[in-house]
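Enquirer: What follows is a structure written as structure tokens; I'll ask about it next.
Values quoted throughout were computed directly from the atomic coordinates according to the rules given, and no laboratory measurement underlies them. This structure is a prediction, so every number in the text was calculated from the model and none was measured. Cβ placement follows ideal geometry from the backbone for every residue including glycine, while neighbour counts extend to all protein chains displayed.
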Amino acid sequence: MGDTVLVDGDQAMFMPAFGAALVVVQPGRLTGSGPAKIGGAKACISGDEGSVSVPGCMYMTPVYSIPGSGTLTIAALAGDQLAPTAKTGGTQLMVKGGSFTAKFTVAAPAMQPPPGPGSPIPDATPEYSGNGQFVSLDTTTKAA
């Protein structure tokens with residue numbers, strides 16, 4: 001049997017660990033663009049993962065303890081997050097699957113307290129990688 005089909009409004013839940021960075025995560029929402037509807041909502045298809053963007057998330061690292069902020073997005077789906085055969089409009093349906101690869105892009109860098117008088121030192125890392133999972137509102141519709 002297949003996995004749960006994702007639809008417009010389903011959530012992307014990010015894990016807080018992004019390598020050395022700890023992000024105060026917030027859920028993202030998928031925007032479905034498939035022609036098929038499930039429970040009145042548009043089905044999510046390959047490429048709809050790009051609709052998820054969660055700006056304004058705070059972060060810090062063990063070295064850069066003064067919080068910064070950035071945006072969470074989905075970098076890549078896992079191999080089991082596209083239905084192998086089920087399609088709508090010629091494009092594969094997205095399914096819940098395992099864990100996707102997430103990206104945290106720094107907008108305002110976290111800072112390291114200065115060792116003495118002077119300015120704090122900014123985090124030079126522009127982005128961090130992590131992961132997350134989808135949460136489906138409809139658990140009855142499956143795709144193979």
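Enquirer: Around ALA76, which amide H atoms from residues at least 5 apart in sequence, or from another chain, sit under 5 Å from its own amide H, with H modelled in the peptide plane?
Expert: THR101
Enquirer: What is the sum of charges around TYR59, taking Lys and Arg as +1, Asp and Glu as -1, for the other residues whose C-beta is under 15 Å from the C-beta of TYR59?
Expert: -1
Enquirer: Using all Cα-Cα distances in segment 17-75, what percent lands in each 10 angstrom bin from 0 up to the longest?
Expert: It works out to 22, 37, 23, 14, 4, in whole percents.
Enquirer: How are the Cα pair distances of segment 96-143 distributed, in percent, across 10 Å bins from 0?
Expert: 21, 27, 22, 16, 10, 4, 0
Enquirer: Grab the chain and count how many Lys pairs have their alpha-carbon atoms under 25 Å apart, sequence gap of 8 or more, or different chains.
Expert: 9
Enquirer: Can you find, among ALA36, ALA107, SER69, the residue sitting farthest towards the positive end of the charge dipole of the chain, where Lys and Arg contribute +1 and Asp and Glu -1 at Cβ?
Expert: Of ALA36, ALA107, SER69, it is ALA36.
Enquirer: How big is the charge dipole of segment 21-96 about its Cα centre, in debye rounded to the nearest 20, if each Lys and Arg gets +1 on its Cβ and each Asp and Glu gets -1 on its Cβ?
Expert: That gives segment 21-96 a dipole magnitude of about 240 debye.
Enquirer: With charges set only on the Cβ (+1 for Lys and Arg, -1 for Asp and Glu), what does the dipole of the chain come to about its Cα centre, in debye to the nearest 20?
Expert: 200
Enquirer: Hey, of [x] 17.9, 63; [y] 16.1, 49; [z] 14.5, 45, which did the structure itself give for Rg and Dmax of the Cα atoms in Å when calculated?
Expert: [x]
Enquirer: With contacts defined as alpha carbon pairs under 8 Å and 6 or more residues apart, what's the relative contact order of the chain in percent?
Expert: 31
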